[in-house]
Amino acid sequence: MIPALFFYLFSAIAVASAVMVISAKNPVHSVLFLILCFFNAAGLFVLLGAEFLAMILVVVYVGAVAVLFLFVVMMLDVDFVELRQGMLNYLPVGATVGLIVLVELALVFGSWVINPSSVSTRAAPTPTDITNTEALGRILYTDFIYYFQAAGLILLVAMVGAIVLTLRHKEGVKRQNISEQVARNPATAIEVVKVKPGQGI
């Protein structure tokens with residue numbers, strides 16, 4: 001009875017906070033609701049017996065990613081009022097895409113049938129003689145190793161693409177050129193100036 005009560009409590013708060021993330025007018029409030037959603041998702045992981053995933057969700061996403069989002073939003077000082085002025089121009093296209101997605105979801109959930117044979121082919125339950133972290137590592141690095149490597153490669157490409165897209169070279173800014181520094185010789189590195197008596201450089 002108590003686990004079911006906590007499940008409905010965490011689920012309701014997580015869904016409500018997720019809705020507030022996309023509906024809040026203030027971006028700082030959106031990030032705070034995102035942090036609240038992460039905490040409730042971590043609570044659901046604890047109810048499922050995945051304490052390691054709950055800890056990782058809190059430490060990595062709440063402690064690093066969400067706080068980073070919050071700092072970036074607060075420091076950029078973006079004029080969101082100006083950004084929302086052109087939103088009405090894209091409203092018909094967005095409404096059409098959203099309606100198509102809702103129809104597709106209705107068709108998927110309306111025709112959803114569980115195959116009886118899939119019950120027998122599901123993954124074996126986690127052994128009780130090992131820890132949650134060890135069981136997760138065995139599954140992740142044995143059965144799903146190729147998917148794990150593919151996800152890492154996709155994240156690497158996304159990171160490199162983000163760096164390339166946001167990199168801007170400003171003119172007039174002094175930068176270090178390693179090749180020029182290595183190729184220097186005494187003739188180019190030292191300049192001898194003859195100063196006459198009573199005069200400065």
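Tabulated data
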read-out: First in region 31-49 and in contact (Cβ under 8 Å) with a residue 60 or more places away in the chain, second anywhere and part of a loop (DSSP other than H, G, I, E, B), Cβ under 9 Å, 6 or more apart; value: 49/126
read-out: Listing of helices (runs of 4 or more DSSP H) fully contained in region 13-100 that carry 3 or more residues being modelled with pLDDT under 85 and over 30 Å from residue 139 (Cβ atoms); value: 27-47, 67-76, 80-85
read-out: Some residue of region 134-148 being open to solvent by 80 Å² or more (accessible area, probe 1.4 Å), free of Cβ contacts under 8 Å to residues at least 60 places away in the same chain and over 24 Å from residue 50 (Cα atoms); value: no
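The values are calculated or read from the model by the stated rules, or taken from the named source; none is laboratory data. Note that this is a predicted model, so its numbers are computed, not measured. Here the Cβ is made from the backbone with ideal geometry for all residues, glycine too, and neighbour counts use every protein chain on show. What goes into the accessible areas is simple: the full protein's heavy atoms, side chains included, and nothing from ligands, DNA or RNA. Shrake-Rupley method; radii C 1.70, N 1.55, O 1.52, S 1.80 Å.
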